[in-house]
Amino acid sequence: MLGAVCALLIAFVVVFAMHKPAKSGRSAPSPREGGGLHVSGQNIVEAGGRPFVMRGVSHGYAWHGGRDGAFADIKRLGANTVRVVLTASTGAGQVADVIAKCKANRLICVLEYHDTTGHGDQPGTVSLDAAADYWTGLRDVLAGQEDYVVVNIGNEPYGNQGTDAWTADTKGAIARLRAAGLRHLLMVDAPNWGQDWSGVMRDNAPAVFASDPRHNTVFSVHMYGVYSTAAKVTDYYDAFRRTGLPLVVGEFGWKHTDGDVDEDTIMSGAQQRGIGYLAWSWSGNSGGVEYLDMADGFDPGRLTEWGERVFNGPDGIKATAREAAVFGGAVAKA
């Protein structure tokens with residue numbers, strides 16, 4: 001009788017074990033699982049978990065593609081990131097070459113699609129949906145580059161008209177990139193020519209972030225004449241701090257056609273808060289904004305006043321940049 005009872009108990013335990021949910025010793029996979037640059041709270045972190053703070057500049061590759069030395073020059077001056085301008089005419093082979101140059105020079109590569117700039121105000125520009133077409137067409141080139149590449153979906157995707165559509169259109173573009181299998185950290189620019197003076201991105205960032213199934217989107221504000229005082233800069237920074245969402249200054253200058261810029265507070269405030277910044281731009285500006293060139297004639301030995309400020313000034317790139325851990329993680333040296 002005892003043997004029969006024992007046998008019955010053993011059978012019960014076996015059946016129970018077969019139907020009990022398995023314990024793996026870890027939680028369910030997160031949407032970001034698989035590594036790469038990703039959002040953690042308000043920070044951008046690398047696959048190993050170390051925070052990565054962007055310190056770099058933009059390079060107008062789509063207009064100055066022959067200036068291949070720019071990648072090495074920007075790195076040599078201390079940057080850890082380069083933001084690279086692409087347009088519809090920039091093909092898959094060129095994008096692959098850009099990524100290779102970024103990696104060879106130990107730079108994180110922010111790829112930005114420029115044809116959306118000022119949509120609604122600027123004739124000849126395209127929608128964020130068209131930008132999504134561009135990125136999904138590059139899926140094979142971008143696959144496997146999640147440790148090195150950030151996809152900046154569309155530069156300044158609205159001017160000052162039609163900005164109410166920014167939220168839905170940004171969500172739609174994110175959804176299309178994720179459906180196509182892109183696992184990268186995504187960067188979305190604000191409307192109002194990037195400056196978000198109307199607060200559309202600031203107010204709707206939580207909904208946009210929540211719409212990303214990987215929860216891996218960083219918000220980019222561009223700071224020019226709208227950000228003319230320390231209070232305007234810090235108020236915007238602190239609005240994102242209160243929401244707990246990640247922010248970068250995807251572009252900024254020291255002066256512009258819309259007024260003076262408080263670049264000192266932009267840089268010092270970003271450093272105090274662990275916010276990345278990407279100054280505009282390395283060289284080759286035209287149309288009356290040549291004052292935004294950092295290197296005269298693409299020559300790193302002839303930095304302009306703006307270039308000296310960004311690279312060598314207080315809270316500048318040389319003083320604050322730290323190389324990505326994927327490349328070794330040393331503080332960048334000029």
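Bear in mind that the values in this text are calculations on the coordinates, not laboratory data. Note that the structure is predicted; figures quoted are calculated from it, not measured. As a convention, Cβ positions derive from the backbone with ideal geometry for all residues, glycine included, and neighbour counts pool all protein chains shown.
Only helical runs count toward this figure. For the chain, summing -39,500 (n - 2.57) over DSSP H runs of n ≥ 4 and dividing by all residues gives -10500 deg cm²/dmol at 222 nm. Once the chain from A130 to A231 is taken as fully extended at 0.36 nm per residue, the excess over their C-alpha distance is 32.7 nm.
Close amide H partners of M187, meaning residues 5 or more places away or on another chain with modelled amide H under 5 Å apart, are V151, N152, I153, V218. Neighbours of A324, meaning other residues whose beta-carbon lies under 14 angstrom from its beta-carbon, give a summed charge of +2 when Lys and Arg score +1 and Asp and Glu score -1. The longest part of the chain holding none of the exposed loop trypsin sites (Lys or Arg not before Pro), meaning those outside H, G, I, E and B in DSSP with at most 13 other Cβ atoms within 10 Å, is 27-301.
Principal-axis analysis of the Cα atoms of the chain puts helix 2-19 at an angle of about 20° to the longest axis. Round to the nearest 10 and give me the degree value, 0 to 90, for the angle of helix 263-273's Cα axis relative to the longest principal axis of the chain. So the inclination is approximately 20 degrees. Shape class of the stretch 29-163 from the Cα gyration tensor (axes a ≥ b ≥ c, square roots of the eigenvalues): oblate, since a/c reaches 1.5 or more and a/b does not exceed b/c.
Please say if the stretch 36-327 is rounded, prolate or oblate, where rounded means a/c under 1.5 for a ≥ b ≥ c the square roots of the C-alpha gyration tensor eigenvalues, and otherwise the choice is prolate for a/b larger than b/c and oblate otherwise? Verdict is rounded for the stretch 36-327. Counting Lys and Arg as +1 and Asp and Glu as -1, what is the net charge of the other residues whose Cβ lies under 10 Å from the Cβ of Q42? For residues surrounding Q42, the net value is +2. Report the Cα centroid-to-centroid distance between the stretch 172-215 and the stretch 241-281 in angstrom, as an integer. Centre-to-centre distance over Cα atoms comes out at 19 Å. Using a simple spin-label model with pseudo-atoms 7 Å out from Cα toward Cβ, D121 and R242 lie 2.6 nm apart. Compared with the dominant principal axis of the Cα atoms in the chain, helix 200-211 is inclined by about 30°. Taking a ≥ b ≥ c as the square roots of the eigenvalues of the Cα gyration tensor of the stretch 90-249, is the shape rounded (a/c under 1.5), prolate (a/b larger than b/c) or oblate? Here the stretch 90-249 falls in the prolate category.
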